[in-house]
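Let me begin by presenting the structure, written as structure tokens, before commenting on it.
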Amino acid sequence: MASAPPSLSTARPPTAASPHGDRRRGALPPLPSCGARPPSRGGLRALRSVPLRRCVVRAALSTADRSAAPVESGEGKELLLEVRDLTAVIAETGQEILKGVDLTIYEGEVHAIMGKNGSGKSTFAKVLVGHPDYEVTGGSMMFKGENLLEMEPEDRSLAGLFMSFQSPIEIPGVSNADFLNMAYNARRRKLNQPELSPIEFWAYVYPKLDLLNMKADFLNRNVNEGFSGGERKRNEILQLAVLGAELAILDEIDSGLDVDALRDVAKAVNGLLTPKNSVLMITHYLRLLEFIEPRYIHVMENGKIVKTGDISIAKTLEKEGFKGVSEM
Amino acid sequence: MAALAFPRHIRTPPKPSSFSNKPKAKARTRISVRSSLAPPQLGFSDPFVLELAEALEDSLPSPSSPKLSPLQRIRDASSETLLSTPWPSRKDEPFRFTDTSFIKNSTIYPVSRPPPQSLEAPPASCEETQLPQLAIVDGYIVDFGSNLSGLPDGVYVGSLSNATSESLVERIGEFVSGFDWGDLFWSINGVGAPDLAVIYVPAGCRVENPVHLRYYSAEASDEGSNRLPLSNPRVFVLVEKGGEVDIVEEFMGGDGNRCYWANPVLEVVLGEGGKIRHSYVQNQSPCAAHIKWTSVQQEAESTYQLVEVSSGGKLSRHNLHVQQLGPDTVTELSTLHLAFNEQTQDLHSRLVLDYPRGSSRQLHKCIVANSQGQAVFDGNVKVNRYAQQTDAGQLTRSLLLEPRATVNVKPNLQIIADDVKCSHGAAISDLEESQLFYFQARGIDPKTARKALVFSFGAEVVSQLPNSFVQKKVENQIRELLVPR
């Protein structure tokens, strides 16, 4: 079984009790944070072995960033995702892929999952967002206190769960602008805010294109039609930037990207990170993790998370492969 | 009801002949149904058909112009054919999937002439009134408000009977009654057409504005009355060498559930190097029958582009025949059929290639969103012996959105030449699950996602309509159809 996950699962109750309303969870994506990020991650790493204290330190750091936020020490951060003993099978064949996954993610954290091909990483991500190819057979998944298993995929997305697909599909005939507009307005409706007309929406979306170094004509093209792999990934991140999310799951965002594209994408993702939202990356390589630095790295094997640690896991993986990691 | 032993619709392919200016030298004895007791030529006559033909002949005014006017010649040739053409049954291949009993079991009567209130045609939008247009109500040409003055010199748009130029009438006379591939409905139109609308484009002339033909059936019966007034609009288009014109045909059903049978024919002769972009929008009433014939003859190096969007009618059938009369032609056919009600949408197309280096692309899309809805497609392409280096492609994609919705597709290429590039493909499916999920994963609910995907399925054809006002109109029509009732 995995070693006790570094974050506190036992120390405090889930946030179902805490009132969501005053936290303004559903706020539109904040502007790229211009505040300073927690200065020394090295310092945090040193505190790895002392879970309780880390929580306090983190809370202190986040108060330093956001001057007005009244954060009680010890309370710190909201629990975003809590997955307990999740098992899932392929709906058609009944073959079991996930065999008891445990994962906890708090707000403001960057997690990464690495693992062999076929270990269940992408399946895990797809199960989280409700892909019809898979069926959950046991365990629980709670997102901000709500039970994901009782929510349709569109409701999960509106709750703040975003997934960037490993191979985004084409939708010929539907333009990027229309697609984004529809999705954005769906969110506005949920928050009881007025929807944006196509022109207002254009004004909102246009600056985001710069973030990802994309040309303006991109919005007129159909969703992913004729896009190269790199363009599709950029499109996914653009959607993230436009729609916003509390938890963004990036499924192999680095596959198929050249170094420049990867830098752009990573820069955009980093720019979207705030103390209020988290990222879960699925990747094979260290390279991405050097751009978007994760706080925790989980190793998935055979449908379970077998190891959790920090960036040193990724370095060992790079040098010695999975064998080296299992001996850590 | 007599069964006919000789199917008239099987023909030997015409031999490639050079385009001759002489009138066709075929010896045809002209026999009018009324005046002669000549024996039927092949097999038995169909009494039902004969009765209908007689009723149509009675409804038309006796010919005031000389006996050999083009319209009279069409009538004579058609009535001769009708002597031995039975009403099609499900056993005839061209009607295997198309049930015409809805028409046959009703009481059919020709429209009274002229239409009672000719001003009943639905008003055009203000954009459209700027363009040259011709309103054809119940088969009769209504000339008012047609805005035809802006056309270039030599171009004629109007009724044949109003044509002042003798040479024009003669020229047209060279082409009529030469079509061997027609069926019963082609001949019924020939017998019953009260007038012939003509669009004539002289050599080298490029007509900037699209010519808009607006068809409307003013006379109609109520739903359930089982009576069908029959109208036979007929249009002849002649584009001389190097001429270019856009033609927009729009069939409007008006409001409510009006029942009628519209049986239009469009004949096109496209001279060498000419270019026609033909838009055909069919939005007939949901209780109406609509059987349209489009026959196109393409000379060398000409381009014929058809974009069709059909969404109305209880039984709607489009018979399309494109005949290649010279090498290096370009033919592009894009059709979208929508069956959202209890209706049948049928496209039977035939492309006959007898000369080298022809290029053709056919895309047919249909959406059936009603469990009683049906779409039929029979796309025939004949690449004959001398049509070497032909490049012909045909693709049909159908979307079935309800259980028991039906589509019957028969793409067929008959290839005799041996140095050609031909392909065809057919796909029938529901909306793609992965695409629907992509929408859901972005917070868009499944209903909205389905609407967007269905609309985008049709958009591939709709986006090809060359005139933007027509495109907008059609997009709005489709959006209305997609709103759940």
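Cβ-Cβ below 6 Å, separation at least six or inter-chain, first residue in the stretch B:233-245 and within 12 Å of B:Val268 (Cα to Cα), second of a type in the set (D, E, K, R) and part of a strand (DSSP E or B): which pairs?
Pairs found: B:Phe236/B:Glu267.
Just one of (1) out of contact with any strand residue (DSSP E or B) (no Cβ under 6 Å at 6 or more places or on another chain); (2) within 14 Å of chain B (Cβ to nearest Cβ); (3) more than 30 Å from B:Glu475 (Cβ to Cβ) trips up A:Ala125, so point out which.
Result: A:Ala125 fails condition (1) only.
For the stretch B:400-416, which positions are farther than 20 Å from B:His348 by Cα, hydrophobic (A, V, I, L, M, F, W, C) and without any contact (Cβ under 8 Å) to a residue 40 or more places away in the chain?
B:Ile416
Which residues, counting only those in the stretch B:453-474, are in contact (Cβ under 8 Å) with a residue 24 or more places away in the chain, buried (at least 16 other Cβ atoms within 10 Å of the Cβ) and away from chain A (no Cβ under 12 Å)?
B:Gln464, B:Leu465, B:Asn467, B:Phe469, B:Val470, B:Lys473, B:Val474
The rows are residues; the columns are (1) at pLDDT 85 or above; (2) in contact with an Asp or Glu (Cβ under 9 Å, 6 or more places away or on another chain).
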position	(1), (2)
A:Ile169	yes, yes
A:Pro172	no, yes
A:Ser197	yes, no
A:Leu209	yes, no
A:Asn222	yes, yes
A:Gly226	yes, yes
A:Arg234	yes, yes
A:Ala245	yes, no
A:Asp264	yes, no
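What residue, among those in the stretch A:166-185 that are more than 8 Å from chain B (Cβ to nearest Cβ) and among the small types (Gly, Ala, Ser), is surrounded by the fewest Cβ atoms within 10 Å (Cβ to Cβ)?
Ranking the qualifying residues of the stretch A:166-185, first place goes to A:Ser167.
As an exercise: evaluate A:Glu236 against (1) out of contact with any helix residue (DSSP H, G or I) (no Cβ under 8 Å at 6 or more places or on another chain); (2) without any contact (Cβ under 8 Å) to a residue 60 or more places away in the chain; (3) over 19 Å from B:Pro446 (Cα atoms) and give the number of the one condition it does not meet.
(2)
Scan (1) surrounded by fewer than 21 Cβ atoms within 10 Å (Cβ to Cβ); (2) within 19 Å of B:Phe439 (Cα to Cα); (3) in contact with a Leu (Cβ under 7 Å, 6 or more places away or on another chain) for the single condition A:Arg234 breaks and write down its number.
If we test A:Arg234 against (1) surrounded by fewer than 21 Cβ atoms within 10 Å (Cβ to Cβ); (2) within 19 Å of B:Phe439 (Cα to Cα); (3) in contact with a Leu (Cβ under 7 Å, 6 or more places away or on another chain), just (1) comes out false.
Name the single residue that is modelled with the lowest pLDDT among those in the stretch B:46-63 being in a loop (DSSP other than H, G, I, E, B) and surrounded by 12 or more Cβ atoms within 10 Å (Cβ to Cβ).
Looking at residues that are in a loop (DSSP other than H, G, I, E, B) and surrounded by 12 or more Cβ atoms within 10 Å (Cβ to Cβ), I get B:Pro63.
Are there any strands (runs of 3 or more DSSP E) wholly within the stretch A:259-328 with 1 or more residues that are farther than 28 Å from A:Lys77 by Cα, and if so which?
A:296-301
Has the stretch A:238-248 got any residue that is more than 23 Å from A:Leu158 (Cα to Cα) and part of a helix (DSSP H, G or I)?
no
What are the pairs with Cβ atoms under 8 angstrom where one residue, in the stretch B:430-452, is at the interface with another protein chain (Cβ under 7 Å from one of its Cβ atoms) and the other, located anywhere, is of a type in the set (Lys, Arg) and surrounded by 16 or more Cβ atoms within 10 Å (Cβ to Cβ)? Sequence gap at least six, or different chains.
B:Gly443/A:Arg187
Among the residues of the stretch A:187-202, what is the count of those that are assigned to a helix (DSSP H, G or I), surrounded by 14 or more Cβ atoms within 10 Å (Cβ to Cβ) and away from every other protein chain (no Cβ under 13 Å)?
2
Considering only residues of the stretch A:140-165 that are away from chain B (no Cβ under 14 Å) and surrounded by fewer than 18 Cβ atoms within 10 Å (Cβ to Cβ), which is modelled with the lowest pLDDT?
Once the filter is applied, the top-ranked residue is A:Gly145.
Just to verify a result, which residue in the stretch A:203-222, among those that are without any contact (Cβ under 8 Å) to a residue 24 or more places away in the chain and charged (D, E, K, R), is nearest to the other protein chains (Cβ to nearest Cβ)?
The qualifying residue nearest to the other protein chains (Cβ to nearest Cβ) is A:Asp217.
When you look at B:Asn412, is it of a type in the set (S, T, N, Q), closer than 25 Å to B:Lys314 by Cβ and more than 14 Å from every other protein chain (Cβ to nearest Cβ), yes or no?
no
Inside the stretch A:129-139, can you point out the residues that are within 13 Å of A:Val89 (Cα to Cα) and within 11 Å of another protein chain (Cβ to nearest Cβ)?
Hits for the stretch A:129-139 are A:Gly130, A:His131, A:Pro132, A:Asp133.
Exactly one condition in (1) within 12 Å of chain B (Cβ to nearest Cβ); (2) touching a Gly at 6+ places or on another chain (Cβ under 6 Å); (3) more than 30 Å from A:Gly145 (Cα to Cα) is false for A:Ala245; which is it?
(3)
Could you please find all residues in the stretch B:349-373 being in a loop (DSSP other than H, G, I, E, B) and surrounded by 22 or more Cβ atoms within 10 Å (Cβ to Cβ)?
B:Asp354, B:Gly358, B:Gly373
Quick one: which of B:Ser125, B:Ser187, B:Ser149, B:Ser161 is more than 20 Å from B:Ala203 (Cβ to Cβ), in contact with a Ser or Thr (Cβ under 9 Å, 6 or more places away or on another chain) and either modelled with pLDDT under 85 or assigned to a loop (DSSP other than H, G, I, E, B) (or both)?
B:Ser161
With in contact with a strand residue (DSSP E or B) (Cβ under 9 Å, 6 or more places away or on another chain), of a type outside the set (Val, Ile, Thr) and without any contact (Cβ under 8 Å) to a residue 60 or more places away in the chain as the only criterion, which of A:Glu200, A:Glu225 stands out?
A:Glu225 is the lone residue from the list that is in contact with a strand residue (DSSP E or B) (Cβ under 9 Å, 6 or more places away or on another chain), of a type outside the set (Val, Ile, Thr) and without any contact (Cβ under 8 Å) to a residue 60 or more places away in the chain.
The values are calculated or read from the model by the stated rules, or taken from the named source; none is laboratory data. Source: prediction; values computed, not measured. Cβ atoms come from the backbone with ideal geometry, glycine included; neighbour counts cover every protein chain shown.
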